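Student: Sharing a structure here in structure tokens format.
The values are calculated or read from the model by the stated rules, or taken from the named source; none is laboratory data. As the structure is a prediction and not an experimental result, all values here were calculated from the model. All Cβ positions, even for glycine, are placed from backbone atoms using ideal geometry, and neighbour counts span all protein chains on display. When the accessible area is computed, the model is the full protein with side chains, heavy atoms only, and any ligands, DNA or RNA have been set aside. Shrake-Rupley method; radii C 1.70, N 1.55, O 1.52, S 1.80 Å.
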Amino acid sequence: MIDLMPTSEEEAAVIVRAQAEAGRPLAICGGDSRSGFGNAVAAEDRLRSTGLTGIVAYNPGEMVMSVRSGTPLAEVEAALSQSGQMLAFEPMDHRPVMGTSGEPTIGGVFAANVSGPRRLIAGAARDSLLGVRFVNGRGEIIKAGGRVMKNVTGLDLVKLIAGSHGTLGFLTEVTFRVPPRPKTERTVVLSGLNDADAANAMAAAMALPVEVSGAAHLPLTVTWKFLAGKLPEGEATVLRIEGLPGSVDVRIEKLAAAMSGLATVTRLEQPESSRLWQEIRDVLPYADGTARPVWRVSVAPGTGHQLVAALRLEAGVDAFYDWQGGLVWMRMEAGPEAELVRRYIKALGGGHATLIRASGQARAVTSAFHPEPEAVAMLSRRVKEKFDPAGIFNPGKMG
């Protein structure tokens, strides 16, 4: 595969025009930390964003940052940390669970709409995105949105690009909100709840006026893998509180008191709390060095445990829950069982199942992304044709 690595937006546009005229498809790539994710891409040339680096504009007082798409995520987070700010959506690092290397880029984060545990209250990556610059399939440089949320038409286009996995355009610059980083955090741990009772407990906690910023349930099969086995004995339902120290102290006590009638309650202080949520974010239990299939399933919070229970009647499944039970991480013990997984999701009211990891053989016969209803699929094809009429961007990636 030939790597094409432009160092300017204009150079990227020239490359795309030449490829479109020659009918040569392009695999769109950032730091390659999600290598192999999605369906196989039918392209011999790879267009990489890693030559487009640097912070374009950042005034902490405005709480907005503009960055070239190939800038390493670590560089962005370091600059934000110095100013006491953060990416609100807590992006996951896919490298441990996928067994990849490379360096995650900020453009890749938004292209894949990567979000972590705080999505529960902060929204997904796309909800922080204010503006984008990208090259479309004609080699035209397009700007959408800006540094404030004013342009409604542009904002819709911005949302469309986020999560498109490089199939609509080659991102060159992103502009996004950067709120203050909480001064401290603590976590309440409820021990011994089964999956169904944990779902009810998380729902009760989210209804309290204490601003829970993370709610996850870790069954017995995975609890020993978190914090090097130092969580209290039994299943762990974990609830995070963030903010100013005095406020966190008051809210954590209110939360603990409200939950004390449901289970044994313990607390984690900041260092352990921060480490735990990073391990939940990065799906540590399934970063096992194998190619056993891993699914990322999004369903209604009250149905996640029902899905897992139903699947266990027919397949070997290990699972844990984030987003109040609405995000289910599942590792299959044999094949992906895609038809079975998606059939039960539909039966339980709908949702999405994305295949994050699998062997090459399994990927070849399994659609990584959840099938779209025909009306939505037709609309997606029409949008793709408008952005990329020659079909050169990541052909086959999303089906």
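Student: So, in nm, how far is label L227 from label R275 when the simple model puts each one 7 Å beyond its Cα toward the Cβ?
Tutor: Taking the two extended label points, one gets 0.9 nm.
Student: Compare E62, E337, E173 in a GNM of the chain, Cα atoms joined below 10 Å, and give the one with the largest fluctuation.
Tutor: E62
Student: Can you tell me the length gained on complete extension of the stretch S298 to E253, counting 0.36 nm per residue apart and subtracting the Cα distance?
Tutor: Working: separation 45, 0.36 × 45 = 16.20 nm, distance 3.08 nm.
Result for the pair: 13.1 nm of gain on full extension.
Student: Here is a follow-up. Scan the chain and hand back the longest stretch that contains none of the trypsin sites (Lys or Arg not before Pro) lying in DSSP loops with at most 13 other Cβ atoms within 10 Å. If you can, show how the numbers build up before the last one.
Tutor: Working: sites that count: K150, K230, R312.
It works out to 1-149.
Student: Where the accessible area of region 184-282 is counted over protein heavy atoms with a 1.4 Å probe, how much of it, in %, is carbon and sulfur? Show your work: numbers first, answer last.
Tutor: Values: 2220 of 4110 Å².
Carbon with sulfur: 54 percent of the solvent-accessible area.
Student: I would also like to ask the following. Mean residue ellipticity at 222 nm from the helices of the chain, using -39,500 (n - 2.57) per DSSP H segment of n ≥ 4 over the full residue count, to the nearest 500 deg cm²/dmol? Each step should come with its number before you reach the end.
Tutor: On the way: 15 runs with 134 residues, N = 399.
That comes out to -9500 deg cm²/dmol.
Student: Quick one: if you stick a label point 7 Å off each Cα along the C-beta vector at R267 and D3, how many nm between them?
Tutor: 4.9
Student: Please name whichever of G38, G261, V14 sits farthest to the positive end of the charge dipole of the chain, dipole taken about the Cα centre and charges placed at Cβ: Lys and Arg +1, Asp and Glu -1.
Tutor: Farthest towards the positive end: V14.
Student: Same structure again: For region 245-280, state which GluC sites (Glu not before Pro) are in a DSSP loop and have at most 12 other beta carbons lying within 10 Å of their beta carbon.
Tutor: E269
Student: Rounded, prolate or oblate, given the Cα gyration tensor of region 284-365, with a/c below 1.5 counting as rounded?
Tutor: Working: a/c = 1.78, a/b = 1.39, b/c = 1.29.
Prolate is the answer for region 284-365, as a/c is 1.5 or above and a/b outweighs b/c.
Student: Please list 3J(HN,Hα) in residue order for region 280-289, calculated via the Karplus relation 6.51 cos²θ - 1.76 cosθ + 1.60 where θ = phi - 60°; whole Hz, with x for glycine and proline.
Tutor: 5, 4, 9, 6, 3, x, 9, 7, 10, x
Student: Moving to a separate point now. Would region 184-282 count as rounded, prolate or oblate if I go by the C-alpha gyration tensor, calling it rounded below 1.5 in a/c and otherwise prolate when a/b exceeds b/c, oblate otherwise?
Tutor: Details: a/c = 1.77, a/b = 1.17, b/c = 1.51.
Oblate, since a/c reaches 1.5 and b/c is not below a/b.
Student: Pop the C-beta distance of D156 and A309 into the FRET formula with R0 = 56 Å and round what comes out to the nearest 0.05. Please report the intermediate quantities before stating the final value.
Tutor: Details: r = 39 Å, r/R0 = 0.69.
Calculated transfer efficiency: 0.90.
Student: Above 32 Å lies some portion of the pair distances; for the chain, what is it as a whole percent of all C-alpha pairs? List each step's numbers first, then the result.
Tutor: Working: 28789 of 79401 pairs.
More than 32 Å apart: 36 percent of the Cα pairs in the chain.
Student: Related question: Can you flag which of K254/K346; K143/K183; K225/K346; K143/K384; K225/K254; K230/K346 are past 26 Å Cα-Cα? The partial results should precede the final answer.
Tutor: Working: K254/K346 38 Å; K143/K183 35 Å; K225/K346 31 Å; K143/K384 17 Å; K225/K254 29 Å; K230/K346 37 Å.
Pairs exceeding the cut-off: K254/K346; K143/K183; K225/K346; K225/K254; K230/K346.
Student: Can you tell me how region 1-109 classifies by the Cα gyration tensor, rounded, prolate or oblate, using a/c under 1.5 as the rounded cut? Walk me through the numbers on the way to the answer.
Tutor: Numbers: a/c = 2.99, a/b = 1.49, b/c = 2.01.
Since a/c reaches 1.5 but b/c is at least a/b, the shape of region 1-109 is classed as oblate.
Student: Taking only protein heavy atoms and a 1.4 Å probe, what accessible area per residue, in Å², does the chain have with all protein chains in place?
Tutor: Values: 16720 Å² over 399 residues.
Per-residue value: 42 Å².
Student: State to the nearest 20 debye the size of the charge dipole of the chain about its Cα centre, where the only charges are +1 on K and R beta carbons and -1 on D and E beta carbons.
Tutor: Details: 42 positive and 42 negative charges, 120 e Å.
It comes to approximately 580 debye.
Student: Relative to the present Cα-Cα distance, how much length would full extension add between V383 and A40 at 0.36 nm per residue of separation?
Tutor: Numbers: separation 343, 0.36 × 343 = 123.48 nm, distance 2.08 nm.
Result: 121.4 nm gained on full extension.
Student: May I ask for the angle, rounded to the nearest 10°, between helix 9-22 and the longest principal axis of the chain, with both axes built from Cα atoms and the value confined to 0 to 90°?
Tutor: Relative to the chain, helix 9-22 is tipped by roughly 70 degrees.
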